Amino acid sequence: MSTRVRWEDIALQHSHRYTCGYCGGDITSNSGYSEVAATNSVPIGTIYVCHNCDCPTYIRGDKQWPGAKLGTSIDNLPQDILSLHNEIRDATAAGANTAAVLAARKVLMHIAVELGADEGKNFTVYVDYLVDNHYAPPNSKSWVDKIRQVGNEANHEIVIMGPTEAANIIKFIEMLLLFNYEFPAGDEPEGDVVAAGQ
């Protein structure tokens with residue numbers, strides 16, 4: 001057993017605000033287990049307990065495990081795309097940004113095939129398919145070019161992806177998912193639609 005630290009029983013802690021890596025709640029918690037140095041009882045870290053889902057989050061200094069997931073939940077997704085989207089978000093919570101970007105390439109391919117593209121093509125063909133067939137919103141060309149570049153770097157070059165690259169590709173994927181799955185399946189606006197200027 002380590003003699004460097006000891007864990008104290010659950011108790012009131014200094015209040016700490018964080019985003020729960022499990023339920024995504026914006027939490028301010030003061031309940032948890034404190035990690036203290038065995039020799040002098042100096043606080044080192046704390047496991048806070050989320051009051052939404054009762055799951056533990058370890059915080060030491062400015063680091064948090066699991067971290068907050070990037071992105072958001074999206075409704076009406078096909079099961080395989082939903083599973084991949086969740087996997088990408090879980091990877092970001094673990095700080096596995098390169099894995100998130102590589103999985104994002106895969107979900108883009110799944111989206112394209114689910115929307116009618118042929119199987120067995122390369123990543124660039126699928127990105128172009130989404131744009132050429134208007135599955136990507138208008139004026140998203142700069143996003144598309146960036147995603148194509150980041151996706152190819154992650155897959156074909158010895159490059160480590162950071163949180164910025166992961167966040168950008170997740171934003172693009174979620175834009176596609178909202179545009180093609182959540183919005184079309186949503187309820188129609190109530191009442192008569194009035195044209196602008198009337």
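A few notes on this one:
- Across region 5-65, counting alpha-carbon atoms alone, Rg and Dmax equal 11.3, 36 Å.
- Entries of Lys121/Lys141; Lys106/Lys146; Lys69/Lys171 with Cα pairs more than 19 Å apart: Lys121/Lys141
- With the simple spin-label model, which puts each label point 7 Å out from Cα in the Cβ direction, the Cys53 to His134 separation comes to 3.9 nm.
- Test item: Cα-centred dipole of region 5-65, Lys/Arg +1 and Asp/Glu -1 on Cβ, debye: 140
- For region 43-114, convex hull of alpha carbons as volume per residue, Å³: 93
- For region 79-185, the dipole from Cβ point charges (+1 on Lys and Arg, -1 on Asp and Glu) about the Cα centre works out to 220 debye, to the nearest 20.
- Based on C-alpha pairs under 8 angstrom that are at least 6 apart in sequence, region 1-139 has a relative contact order of 14 percent.
- Pair Tyr22, Lys63: separation of 7 Å Cα→Cβ label points (nm): 2.1
- Cα Rg over Rh - region 79-185, Kirkwood: 0.93
Every number in this text was worked out from the coordinates using simple rules, so none of it is lab data. It should be emphasised that the depicted structure is a prediction, and the values quoted were computed from it without experimental measurement. Ideal geometry is used to build each Cβ from the backbone, glycine not excepted, and the neighbour counts take in all protein chains shown.
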